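Chemist: There's a structure below that I have some questions on.
The values are calculated or read from the model by the stated rules, or taken from the named source; none is laboratory data. Because the structure is predicted, anything quoted here is derived from the model rather than measured. Backbone-built Cβ (ideal geometry, glycine too); neighbour counts: all protein chains shown.
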């Protein structure tokens, strides 16, 4: 199966671009929320530009990448159905399901902000931005280790990373409080 490596390569490329979109869109949400609270005309000018950027990212990169990565993943599983008998693959597919839930919730936030409905704070979006990172860690450990047990160490590492990110977030928040232009 000479073409297997090509299919796997395309799957990986679209997974990477999907995550790139999921990493960047919450950052745009942060900027949109902060722009929403600015006085006119900044609010309207920034809001319009950020909505356009979010729309292009979401519909030209993120959604197509999610769909194409899934198509190539299914194709890989059709070629190698024995992967579905592996316990680590069951755990990985659970994380992929969680990733789609994250993606759909992010889509909900996208739609709200496109309609000037601001229900979340920029601080919330900064934390939300880390959700995809945790899922990525879990999936990479699972795929590389190919073990349904050893991925637990990856989760422990993710929790440590989460604590460090939260500490970093608090430090950054304190810096911003002292210097709003930071």
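Chemist: Residue 138: at pLDDT 95 or above, touching a helix residue (DSSP H, G or I) at 6+ places or on another chain (Cβ under 8 Å), more than 30 Å from residue 177 (Cβ to Cβ) and in a helix (DSSP H, G or I), yes or no?
Modeler: Here the answer is no, as residue 138 does not meet what is asked.
Every residue, every condition in (1) surrounded by 13 or more Cβ atoms within 10 Å (Cβ to Cβ); (2) over 19 Å from residue 127 (Cα atoms); (3) over 13 Å from the mean Cα position of the chain (by Cα), yes or no:
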residue: 3; (1), (2), (3): no, yes, yes
residue: 24; (1), (2), (3): yes, no, no
residue: 31; (1), (2), (3): yes, no, yes
residue: 39; (1), (2), (3): no, yes, yes
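Chemist: Would the stretch 93-103 turn up any residue that is out of contact with any helix residue (DSSP H, G or I) (no Cβ under 7 Å at 6 or more places or on another chain), touching a residue at least 40 places away in the same chain (Cβ under 8 Å), under 28 Å from residue 47 (Cα atoms) and part of a helix (DSSP H, G or I)?
Modeler: Taking every residue of the stretch 93-103 in turn, none turns out to be out of contact with any helix residue (DSSP H, G or I) (no Cβ under 7 Å at 6 or more places or on another chain), touching a residue at least 40 places away in the same chain (Cβ under 8 Å), under 28 Å from residue 47 (Cα atoms) and part of a helix (DSSP H, G or I).
Chemist: Oh, and also: Assess whether residue 177 counts as being at pLDDT below 85 and outside any helix (DSSP H, G or I).
Modeler: Numbers: at pLDDT below 85: yes; outside any helix (DSSP H, G or I): no.
Here the answer is no, as residue 177 does not meet what is asked.
Chemist: Another question, then. Of the conditions (1) under 21 Å from residue 22 (Cα atoms); (2) modelled with pLDDT under 85; (3) in a loop (DSSP other than H, G, I, E, B), residue 116 clears all except one; give me its number.
Modeler: (2)
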